[in-house]
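Report on one structure; see the data block that follows.
The values are calculated or read from the model by the stated rules, or taken from the named source; none is laboratory data. Keep in mind the model is a prediction, meaning the values are calculated, not measured. Ideal geometry is used to build each Cβ from the backbone, glycine not excepted, and the neighbour counts take in all protein chains shown.
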Amino acid sequence: MSYDAVIVGAGPGGTAAALSLARRGLTNVLLLDRDGFPRDKTCGSGLSPTALTVLDELGVGDEVRAQAYPIMQVRVVTPGGREMILASNAAAVVMLRREFDYLLVQRATSLGVKLETGFRANELIKDGSGRVIGVRSLDGQERYGKYVLCADGAHSIFSKDPRPKRSISTLMGWWENFDFTPGQLDMVFDPEVSPLYGWMFPETNDRVNIGICVDGQDDDGQKSMRPLRGVFQSFLDRQYGTQLKKARQLGKWKGHPIVYTTWVGHCTAPGSLFLGEAARITHNATGEGISQAMQSGVFAAEAVQAALQGDEKGAWNRYVWQHRRRFTAGFLGGHALRAVVKTPLLDGVARLYNNPSVRKTVVRLLGSALAGTSVTDAQVDSVQRPAA
Ligand SMILES: Cc1cc2nc3c(=O)[nH]c(=O)nc-3n(C[C@H](O)[C@H](O)[C@H](O)COP(=O)(O)OP(=O)(O)OC[C@H]3O[C@@H](n4cnc5c(N)ncnc54)[C@H](O)[C@@H]3O)c2cc1C
């Protein structure tokens, strides 16, 4: 049997593509994953305002908000140890990836998309002209589609991007009985992990995840040999030593790379598209990748719909430029944020943060840099300094 689209990978990118295709009336779609659902994914599980906007467009925003943990404020700790509290007013949420990905998969199948788990894709099948026409699993099973969407994440075996991989290294853990301000997440620009940051994201009133991200490469582009476990332990001791004395760790620490690019490219081939983290579409300063993957999935669905109507070349070209228009400014903003973090600027801003006009500018600039997109006037106006 040949499907209109075969999607490899049922993370947020692949399921957003499946959902978006289904909402366009295209349900002859096969969604493949090596894992069964629900399954775990190493992730902070933070859904930004942009992620919620994409989820609204996919028709699942309200369902996610109803199940997720709402973030009411963000505590930013500067490299010099100063604090800024940014109100979020539930504009962002945290939802454990095990539950979030499962929700998206279930919604896609409820709209008619076929899900096949336990399928470990190993190779793209091509016709004599080199056009992708299907995918073969490690154990030799074959699935055919008019289009194959590769959404297999950071370790994509299909990515054909020849540029050296740039990545962020991460290490994180989960704790319960951890004492924190309800509804508050932390972004800690600790000098040890500069120019990136450490985080504390609450998943429920009692359970949090804490992690660090550091550059995966040294200045010369070589893989960083920093001893991540030691860096994480001293981050935990320094930033959360008191709370962790009472808290109980759940499971082991886990790490996973986050692959990024600044200029989206090498994400099309005859008969196939690469999307989400398989196309390196994540934010280089925050490591955010869920909203980008979902947006990328929506762009892919749009491109497949146009290609099925006969204009693959034009659709593939538009697909690349849609990504560039949507993400490049934000990714450049990420590099700017990395540069700022290395200077005393954030500490200076934190000193002036009580001034309302400074606060509005900070919310606009920092919000845009963190989100990788521009912050709207309404979002800026909604920001109040929460009562101490
Ligand atoms: C520690 C950490 C914390 C993070 N925190 C956040 C955060 O708080 N917020 C945020 O927005 N982003 C965060 N990210 C980034 C985010 O997790 C990813 O960018 C995002 O999941 C990418 O989505 P995706 O759909 O492209 O790929 P993935 O979510 O990686 O999904 C890929 C899917 O493909 C499947 N797959 C892979 N290979 C094969 C194969 N060969 N055959 C079949 N199936 C296959 C996998 O099983 C998986 O289901 C974090 C990342 C890390 C590592």
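Table for the structure above
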quantity	calculated
Gly80 over 29 Å from Ala307 (Cβ atoms) and in contact with an Asp or Glu (Cβ under 6 Å, 6 or more places away or on another chain)	yes
Condition check for Ser194: within 16 Å of the ligand (Cβ to nearest atom), of a type in the set (Gly, Ala, Ser) and in contact (Cβ under 8 Å) with a residue 60 or more places away in the chain	no
Conditions (1) in contact (Cβ under 8 Å) with a residue 60 or more places away in the chain; (2) in contact with a Leu (Cβ under 8 Å, 6 or more places away or on another chain); (3) not polar (S, T, N, Q): number failed by Val214	(1)
One residue from Ser129, Ser110 being touching a residue at least 60 places away in the same chain (Cβ under 8 Å), surrounded by fewer than 21 Cβ atoms within 10 Å (Cβ to Cβ) and more than 18 Å from the chain's Cα centre (by Cα)	Ser129
Test: residue in segment 85-101 that is farther than 24 Å from Leu196 by Cα, touching a Phe, Trp or Tyr at 6+ places or on another chain (Cβ under 7 Å) and within 11 Å of the ligand (Cβ to nearest atom)	yes
Among the candidates Arg325, Arg280, Arg229, residue that is farther than 27 Å from Gly81 by Cα and surrounded by fewer than 19 Cβ atoms within 10 Å (Cβ to Cβ)	Arg325
Residues satisfying the stated conditions in segment 151-171, i.e. more than 12 Å from the ligand (Cβ to nearest atom) and either within 22 Å of Leu19 (Cα to Cα) or touching a residue at least 60 places away in the same chain (Cβ under 8 Å) (or both)	Lys160, Asp161, Pro162, Arg163, Lys165, Arg166
Hey, Val148 outside any helix (DSSP H, G or I), within 30 Å of Leu32 (Cα to Cα) and away from the ligand (no atom under 11 Å from the Cβ) or not	yes
Condition check for Leu55: crowded, with 21+ Cβ neighbours inside 10 Å, within 11 Å of the ligand (Cβ to nearest atom) and either over 19 Å from the mean Cα position of the chain (by Cα) or touching a residue at least 12 places away in the same chain (Cβ under 8 Å) (or both)	no
First in segment 295-312 and farther than 19 Å from Ala10 by Cβ, second anywhere and at pLDDT below 95 and of a type in the set (Ser, Thr, Tyr), Cβ under 9 Å, 6 or more apart	none
Residues of segment 257-282 that turn out to be touching a Phe, Trp or Tyr at 6+ places or on another chain (Cβ under 7 Å) and either without any contact (Cβ under 8 Å) to a residue 40 or more places away in the chain or in a loop (DSSP other than H, G, I, E, B) (or both), as a count	7
Any hit, segment 219-237, residues being closer than 19 Å to Lys342 by Cα, modelled with pLDDT of 95 or more and more than 11 Å from the ligand (Cβ to nearest atom)	yes
Options Glu277, Glu302, Glu288: the member that is touching a helix residue (DSSP H, G or I) at 6+ places or on another chain (Cβ under 8 Å) and either of a type in the set (Phe, Trp, Tyr) or more than 14 Å from the ligand (Cβ to nearest atom) (or both)	Glu302
Residue match in segment 21-37 (condition: farther than 20 Å from Leu149 by Cβ and either within 13 Å of the ligand (Cβ to nearest atom) or at pLDDT 95 or above (or both))	yes
Residue identified as of a type in the set (Asp, Glu) and more than 20 Å from the chain's Cα centre (by Cα) among Glu288, Glu302, Glu277	Glu302
Among (1) more than 16 Å from the ligand (Cβ to nearest atom); (2) part of a strand (DSSP E or B) - the single one Pro79 does not satisfy	(2)
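Here's the yes/no breakdown for (1) farther than 27 Å from Tyr260 by Cα; (2) in a loop (DSSP other than H, G, I, E, B); (3) of a type outside the set (Lys, Arg):
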| position | (1), (2), (3) |
| --- | --- |
| Asp139 | yes, yes, yes |
| Ser167 | no, no, yes |
| Phe180 | yes, yes, yes |
| Met225 | no, yes, yes |
